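Here the structure comes first, spelled out in C-alpha cells, and everything after it is commentary.
The values are calculated or read from the model by the stated rules, or taken from the named source; none is laboratory data. Keep in mind the model is a prediction, meaning the values are calculated, not measured. Backbone-built Cβ (ideal geometry, glycine too); neighbour counts: all protein chains shown. With ligands, DNA and RNA removed, areas are computed over all heavy atoms of the protein, side chains included. Shrake-Rupley method; radii C 1.70, N 1.55, O 1.52, S 1.80 Å.
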Amino acid sequence: QARKKLRSEEGYALSVRRMIEPESVFGQLKNNRGFRRFLLRGLLKVSLEVGWLSLAHNLLKKAAIDQNKDMAVQE
C-alpha cells in the first residue's frame, strides 16, 4: 500500500519536493558536524550561532566543490 502511494503522481511530487527542502542540511549538521544543541541562550545569540553554523556549512561545501574541480583539472 505504501509503495503504491509513493509511486503515484502525488507521491512522486511529494518526494521531489522533499529533495529540495533543507532537511538534509540539518541532518548533515547533526551527523557530520556533531551539532546537537545550542551553546548560547536567547533569540539574538541563537540567531548568531545559526549564522555561524550556516557560514561554516557553506564554506565547507564551497571548499569541497573547489577541490573536486581541482582534481578534475589535474586528471
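None of Lys69, Lys61, Lys45 is of a type outside the set (Val, Ile, Thr) and loosely packed, with under 12 Cβ neighbours inside 10 Å except Lys69.
Just so you know, in region 1-42 the residues that are basic (Lys, Arg) and not in a helix (DSSP H, G or I) include one that is least open to solvent (accessible area, probe 1.4 Å), and it is Arg33.
So, Lys62, is that one among the charged types (D, E, K, R), assigned to a helix (DSSP H, G or I) and modelled with pLDDT under 90 or not?
no
Can you say whether Lys45 is among the basic types (Lys, Arg) and modelled with pLDDT of 85 or more, as far as the supplied structure shows? Steps first, answer last, please.
Numbers: among the basic types (Lys, Arg): yes; modelled with pLDDT of 85 or more: yes.
Yes: the conditions hold for Lys45.
For beta carbons closer than 9 Å, sequence separation of 6+ or different chains, a first residue in region 14-25 that is over 18 Å from Arg3 (Cα atoms) and a second that is assigned to a helix (DSSP H, G or I), the qualifying pairs are Val25/Ser54; Val25/His57.
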